[in-house]
Each structure stands twice: as C-alpha cells, then as structure tokens.
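The structure appears right after this line, and notes come after that.
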Amino acid sequence: MSEATRATLPSTWPRGLRRSFMLFSTFRQEVADPDRFYSVLATDTAVQISRFARIPDAVIVDVGGGAGYFSQKFTELGAHCLLVEPEAVPLLDEPMPNFETELERHDWLCRPGRLMPGRTIAGDGMRLPLPDNFADISFSSNVLEHVPSPEALIRESWRITKPGGTIYISYTLWWSLWGGHETSPWHFLGGHYAARRFEKKHGRPPANKFGTSLFGYRIAPMMKIIRELPGAQIHAEPRYYPKWLRWLVFIPAIREATVWNLLVVITKPA
C-alpha cells in the first residue's frame with residue numbers, strides 16, 4: 001500500500017471519560033449495528049496500540065480475529081496483517097442476510113475471512129502455524145477467555161513475536177459484570193447455571209458455552225504466566241477505562257470485579 005493511499009489515525013480521538021462513555025454507548029449497538037460497533041472499537045484499538053508500537057509497515061498477526069474488523073483497520077493503516085482463525089474459509093464480502101436468532105447472526109459474523117479474503121489462514125491460537133520471530137505485533141482482542149489453555153496462547157504469541165516486538169492481549173474478566181457474556185449477570189451463580197437459565201429463557205443455548213468456548217479467568221493467574229516470560233516488559237490497564245483508573249489493576253480481589261476487560265501490552269526484549 002502506497003503512502004498516498006494509506007489511512008491515518010484520527011488527529012483527535014476522545015480521551016478519558018468521554019472516550020469511555022463513547023465506547024459504552026457503542027457497545028449497546030453490537031447486535032443491531034455490528035459494522036458501526038466494530039469500526040469504532042477497531043479505530044480505538046489502533047489508537048491504543050499506537051501508544052506502544054508503530055502500525056504502518058508492521059507485520060501484525062491477528063489471533064482469533066473473527067470477521068476481520070481489526071485486521072481491516074490495521075491494513076488500512078499500512079500494516080501487513082495476517083488473520084488466524086481455526087477454520088479459515090476465504091469468502092468475498094456479502095450483504096448481511098436476515099436472521100431469526102442472535103446465535104445465527106453471531107455465527108455468520110464470525111465466519112473467518114468474511115472481510116479479509118486472501119489474508120486469513122487456518123490455525124489454532126494455542127498452536128500457531130507460524131515460525132518464531134515472525135510478527136512485529138501479535139494481537140488478540142477478547143480471545144483469551146474463549147480458549148481452554150490461556151498459557152498456550154500467551155506463549156505462542158510470545159514465540160511468534162520478533163525481538164523488540166509487541167504483544168497486545170485483552171480479555172473479559174469472569175468476575176466482572178459482563179464476564180458471562182450473554183448469560184450475564186447470572187454467571188455470578190455459576191457458569192453452568194447461567195447457561196441453563198439462558199437456554200430455558202431463550203429456547204436455545206448461549207453462543208458462548210461455559211467450559212467449552214467460554215472460561216472463567218481472573219487477573220492474577222494470567223499475570224503470573226506473563227511475568228514468567230523472559231525479559232518481558234509489561235504494561236497492564238483496564239482496556240475501556242480512562243488512564244487515571246489504571247490503579248485498579250493493582251488491587252487484588254477488587255480488580256476482578258471492577259476492571260471488566262484487562263489489557264496487557266508486552267514488549268519482547270530486543
């Protein structure tokens with residue numbers, strides 16, 4: 001992509017509480033208007049990453065990137081992006097059909113390659129089919145809580161990242177208000193109970209099945225795994241909150257319920 005055709009990050013982007021309120025209001029549109037929701041979130045994420053790493057010309061691996069909204073944004077900004085999904089079937093863009101259930105909509109949106117034909121490969125985030133030191137940036141947004149071995153995903157992200165590169169990992173905390181995803185807040189009474197209650201009420205199981213595609217992860221065990229990475233420089237903060245609330249991530253117990261979504265940015269030593 002030439003310099004002339006590259007998109008650029010917005011010269012101004014909401015900050016502090018204004019940014020948080022913008023994101024929270026956008027989250028409410030995820031089902032009704034997913035293109036708008038993911039477009040705003042992808043731009044916000046790119047702005048966030050740019051605090052730690054340069055996006056133009058970077059090789060970025062988007063682990064578990066679903067429909068490709070983040071990869072699309074990174075590519076527009078001049079990155080060389082590769083999306084990794086368990087079952088990658090390259091498809092051309094297509095209009096969104098009508099759906100009878102939210103589950104059908106979710107499944108269609110997550111069809112790998114819908115927005116990124118030709119730049120998607122099949123692969124498991126816990127066993128990435130990529131060589132060591134491949135990427136400038138390894139990226140996973142809200143993937144960790146959906147894999148049975150978060151340690152494997154973290155270590156694979158580390159392995160494929162070049163020395164001096166950046167690893168961006170965010171995930172939803174189980175004990176936060178939205179830890180159970182569509183079964184929230186009943187997950188506080190147990191993931192299996194919340195899933196049964198959801199199915200009884202809606203006549204179908206939740207898209208995220210507890211113990212299979214949704215797991216209850218906390219901050220402390222994840223940070224322990226990350227601190228074991230040799231020479232890693234670690235920055236952690238609540239992903240959607242103002243920077244001045246970063247202190248929440250350092251208070252045991254309280255952080256599990258208040259942070260909601262944890263962002264960890266890891267720099268691999270050069």
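Brief remarks on what is shown
- Residue under evaluation Ser20, criteria (1) modelled with pLDDT under 90; (2) of a type in the set (S, T, N, Q); (3) closer than 30 Å to Leu245 by Cβ, criterion not met: (1)
Table: residues versus (1) assigned to a loop (DSSP other than H, G, I, E, B); (2) acidic (Asp, Glu); (3) in the same structural domain as Leu82 (by TED's automatic domain parsing).
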residue	(1), (2), (3)
Lys162	no, no, yes
Ala195	no, no, no
Met223	no, no, yes
Gly231	yes, no, yes
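- Selected residue [assigned to a helix (DSSP H, G or I) and within 17 Å of the chain's Cα centre (by Cα)] from Glu199, Glu151: Glu151
- Number of the condition not met by Lys201 [criteria: (1) surrounded by fewer than 19 Cβ atoms within 10 Å (Cβ to Cβ); (2) under 30 Å from Thr43 (Cβ atoms)]: (2)
- Residue, farthest from the chain's Cα centre (by Cα), within segment 25-83, restricted to residues that are among the small types (Gly, Ala, Ser) and assigned to a helix (DSSP H, G or I): Ser25
- Looking only at segment 238-270, residues that are assigned to a strand (DSSP E or B), under 17 Å from Tyr171 (Cα atoms) and in contact (Cβ under 8 Å) with a residue 40 or more places away in the chain come to 6 in all.
- Selected residue (only one of Thr26, Thr75 is modelled with pLDDT of 90 or more and touching a helix residue (DSSP H, G or I) at 6+ places or on another chain (Cβ under 6 Å)): Thr26
- Summed over segment 1-17, residues that are modelled with pLDDT of 95 or more and small (Gly, Ala, Ser) total 1.
- Some residue of segment 30-37 being modelled with pLDDT under 95, acidic (Asp, Glu) and crowded, with 20+ Cβ neighbours inside 10 Å: no
- Segment 204-219: number of residues that are outside any loop (DSSP other than H, G, I, E, B) and surrounded by fewer than 16 Cβ atoms within 10 Å (Cβ to Cβ): 0
- Single residue of Thr45, Thr8 found to be of a type in the set (Val, Ile, Thr), closer than 25 Å to Ala122 by Cα and out of contact with any Cys (no Cβ under 8 Å at 6 or more places or on another chain): Thr45
- Taking residues in segment 150-169 that are of a type in the set (Asp, Glu), and partners anywhere that are part of a helix (DSSP H, G or I), the pairs with Cβ atoms closer than 6 Å and at least 6 places apart or on different chains are Glu151/Ile225.
The values are calculated or read from the model by the stated rules, or taken from the named source; none is laboratory data. Not measured: the values here are computed from a predicted model. Backbone-built Cβ (ideal geometry, glycine too); neighbour counts: all protein chains shown.
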